[in-house]
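Note sheet for the following structure.
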Amino acid sequence: RILSLLRKHIMKPVILYIIGPVDVRTKHVLERLITNYGLKEVVKVLGYVKDLDNFICENANILLAPMFTMSGVSTKMLYYLRFREKTIIASREAVEGIEHLVATHGKVVIAENPKDFAKKLLEVVNNA
């Protein structure tokens, strides 16, 4: 829903890739939402990607970690931190416990809540 609202404020072409294991039911729900919000050209549900490192290097400019309810260290954030040339937009919860690593990356933008996440995403995309 946030992406459909942001779409009119994003000044550049953007594609959001949803990557990771997705069961059939979840994929169906995601595709229905994508269609209902008119985002077929903007959001692609890829599911499992065999060579994720290569995919990120070739296709991603910004990595997103919008985990607002979680506990423990985010393995997604640990993985993302390997890509030092990529900007990462993360929730405060996504960086809990690894702040020292995040500080050395230099390109991590931290959002306090979903609304702030959307704002930071707009800023990063439009200034890239």
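The values are calculated or read from the model by the stated rules, or taken from the named source; none is laboratory data. All values derive from a computational prediction rather than experimental measurement. FYI the Cβ positions are ideal-geometry reconstructions off the backbone, even for glycines, and counts take in every protein chain you see. Please note that ligands, DNA and RNA were not included when accessible areas were found on the heavy atoms of the full protein model with its side chains. Shrake-Rupley method; radii C 1.70, N 1.55, O 1.52, S 1.80 Å.
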Out of the range 67-79, which residues are under 25 Å from A128 (Cα atoms) and either polar (S, T, N, Q) or crowded, with 16+ Cβ neighbours inside 10 Å (or both)? M67, K76, M77
Scanning the range 87-105 residue by residue, those in contact with a Lys or Arg (Cβ under 7 Å, 6 or more places away or on another chain) and open to solvent by 10 Å² or more (accessible area, probe 1.4 Å) turn out to be T87, H105
Condition (residue is within 23 Å of P21 (Cβ to Cβ) and in contact with a Phe, Trp or Tyr (Cβ under 8 Å, 6 or more places away or on another chain)) applied to the range 92-108: is it met by at least one residue? yes
Residue match in the range 106-122 (condition: of a type in the set (D, E, K, R), exposed (fewer than 13 other Cβ atoms within 10 Å of the Cβ), farther than 18 Å from L6 by Cβ and under 17 Å from the mean Cα position of the chain (by Cα)): no
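Does the range 60-109 hold any residues that are assigned to a loop (DSSP other than H, G, I, E, B) and of a type in the set (S, T, Y), and which are they? Working first, answer last.
Residues of the range 60-109 that are assigned to a loop (DSSP other than H, G, I, E, B), as a first pass: 60-61, 66-74, 81-86, 96-98, 106-107.
Answer for the range 60-109, where residues must be assigned to a loop (DSSP other than H, G, I, E, B) and of a type in the set (S, T, Y): T69, S71, S74.
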For the list (1) modelled with pLDDT of 95 or more; (2) open to solvent by 50 Å² or more (accessible area, probe 1.4 Å); (3) of a type outside the set (S, T, N, Q), I need the number of the one condition that K44 fails. (1)
Looking at N59 and the list (1) polar (S, T, N, Q); (2) farther than 19 Å from V125 by Cβ; (3) open to solvent by less than 80 Å² (accessible area, probe 1.4 Å), which single condition is not satisfied? (2)
Considering residues that are assigned to a loop (DSSP other than H, G, I, E, B) and either of a type in the set (V, I, T) or more than 28 Å from N127 (Cα to Cα) (or both), the number found within the range 6-51 is 11
